[in-house]
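Below is one structure; the comments refer to it alone.
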Amino acid sequence: MTIKATCKISRGMAVRMLADVVLMNLALIAALVIRFLILMAMGPEGGMTDPRATLWEFIRAYWHNAPILSLICLAVFACEGFYTYKDSYTSKYKPLIILRAVGLTFLVFGVLTYLFWDLVGLQDIPRGAFLLTAVFCLTFCLSARTWSFLWEKVVRPDRESRIRDGIGSARNVLVIGGAGYIGSALLPKLLAQGCRVRVLDRFLFGYEPIEGIVGHPRLELVDGDFRHVDKVVEAMQGMDAVVHLGAIVGDPASALDEQVTVAVNLTATQMIAQVAKACGVHRFIFASTCSVYGASDELLDEQSRVNPISLYGRTKLAAERGLSRMADAQFTPTIVRFATIYGLSGRTRFDLVVNLLTAMAKVEGKITVHGGDQWRPFVHVDDAALGVATLLKAPLSTIGNQTFNIGSDAQNYTIAQVGELIHEQAFTADLIVADDDIDKRNYRVCFKKAAAELGFQPKWTIEQGIEQVLDAVASGAVGDFRDKQYSNVKYLKESGLIALLRVDDDWSEALLSDEPAEMSAT
């Protein structure tokens, strides 16, 4: 029977072997240099009559002996298990093993050079330099392995812990959907915080929403569909954090094509999170919505029961559940449930209740409220972006595997109250309250968790947001608010984009329906 023994040198083994050769050579050079300086100081009394000739003797001594000493060092160290981590080498007696290996190296070298020196005609190493080389080699090897031990056991765990906790992290941020309503408000804030920002977006509305920052030295734009894994992998490289804002947003837009909505809002989210996890990204912020609460007469917080009644809310909740399943000690996603957003950003929308009713009041002279008794929480788009920026600065131990409502307790209003607030500023418009209750969603939300744990406080009030929209419409800063560019549902329908987005995705459907809609939030 023939036994074939193979020894494959890994990349790590090769690096450690190279390091030991370098240390051995440094020890020999240091010893020869010190010996030469001592002889220089002693002058003729030390036997140095010609410094230049002595220097060349030392150089030849190094040149002739270094290769043999390096080979013996590698052979002995390998036999002692330095590169294969034998049990004796990894035990508590490791310093003694290193001492024995260095001593054996120089013993073998001394014996071989004594026996075969004349045969190979090598240049002798001064006795004092020989002993110094052994001492330096032992010192260097012990120091290197002590530092390696400290790095593995102390420095690297502490560094990784600091990264996970957010100290010095989130400097490189990928914003998916960064040219949208919230994204165009978020990007300037991240750049102001000193972040390097990469945007993955299809730029359906061109670059106009972010035209004020295009060309910024720390902003990189990647034009691509976030449903395509190759684009996501490309965009994910070198990132510390991911903010996923991309989605088909809003109940009317999501209802246009259920299959597309599920693929974009759910399947793509799962894929993006898997890529982030594989790339070692610890911070993953997912934009969800308070629409997951559905209809309730209670004041709801992050632990309240959720009961989405629209496809949009259901896909967002299903995506939340998927992220929770993927979470572990290294991948700790954060869920952000935004209140209903209002106000202006780079890509302003007028398919949202405050903006829409305000524009109608200014242009059409009427404010039509349907139902009116439904409660909604509200937040300005600039404050929504501030909430995300705040999360990126917070310790990961605070936000990891957590859900945060982003909004304001003071901005829980009924739709009728919103109409009245608009009427107070656009008092010439007629306030019309229709009996038909088109939108069944009804929820008031508590935002104390974000305030207490993040120190997040919105800067805008809904009255200020109404004034902002009125001024923009009156000044012509925004065009016709009824144009498709200001409405997700109109743009998808009238541009024909919804047809281009249609895909088959049975797995997404299974995820969406694998649990009852009404459940406790995690």
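A short reminder: the numbers here are calculations on the coordinates, not readings from a lab. Keep in mind the model is a prediction, meaning the values are calculated, not measured. No Cβ is skipped: glycine too gets one built from the backbone with ideal geometry, and neighbour counts run over all protein chains shown.
Taking amide H as placed 1.01 Å from N in the peptide plane, V445 has its amide H under 5 Å from the amide H of L300, each at least 5 places away in sequence or on another chain. The amide H of L431, built 1.01 Å from its N in the peptide plane, has I367 as neighbours under 5 Å, considering only residues 5 or more places off or on other chains.
Averaged over residues, the count of other Cβ atoms within 10 Å places the peptides 193-206, 265-278, 477-490 in the sequence 265-278, 193-206, 477-490, highest first.
A crude spin-label estimate for the pair L115 and L55, with each label 7 Å from Cα along the Cβ direction, gives 3.8 nm. Extension gain, I9 to T461, is 156.2 nm, computed as 0.36 nm per intervening residue step minus the present C-alpha separation.
Divide the volume of the convex hull around the Cα atoms of region 233-304 by the residue count and you get 109 Å³ per residue.
Adding -39500 (n - 2.57) for every DSSP H run of four residues or longer, then dividing by how many residues the chain holds, sets the calculated 222 nm ellipticity at -15500 deg cm²/dmol. The reciprocal of the average 1/r between distinct C-alpha atoms defines the Kirkwood hydrodynamic radius, which for region 353-507 equals 17.8 Å. Seen from every direction in turn and averaged, the convex hull around the alpha carbons of the chain projects onto 37.3 nm². Taking label points 7 Å from Cα along the Cα-to-Cβ direction, R171 and M40 give a separation of 4.1 nm.
Working ranking of peptides 29-40, 314-325 by packing, defined as the average number of other Cβ atoms within 10 Å per residue, highest first, is 314-325, 29-40.
Over 24 Å apart at the Cα level, from the set K393/K484; K231/K493; K366/K490; K316/K459; K393/K448, are K393/K484; K231/K493; K316/K459.
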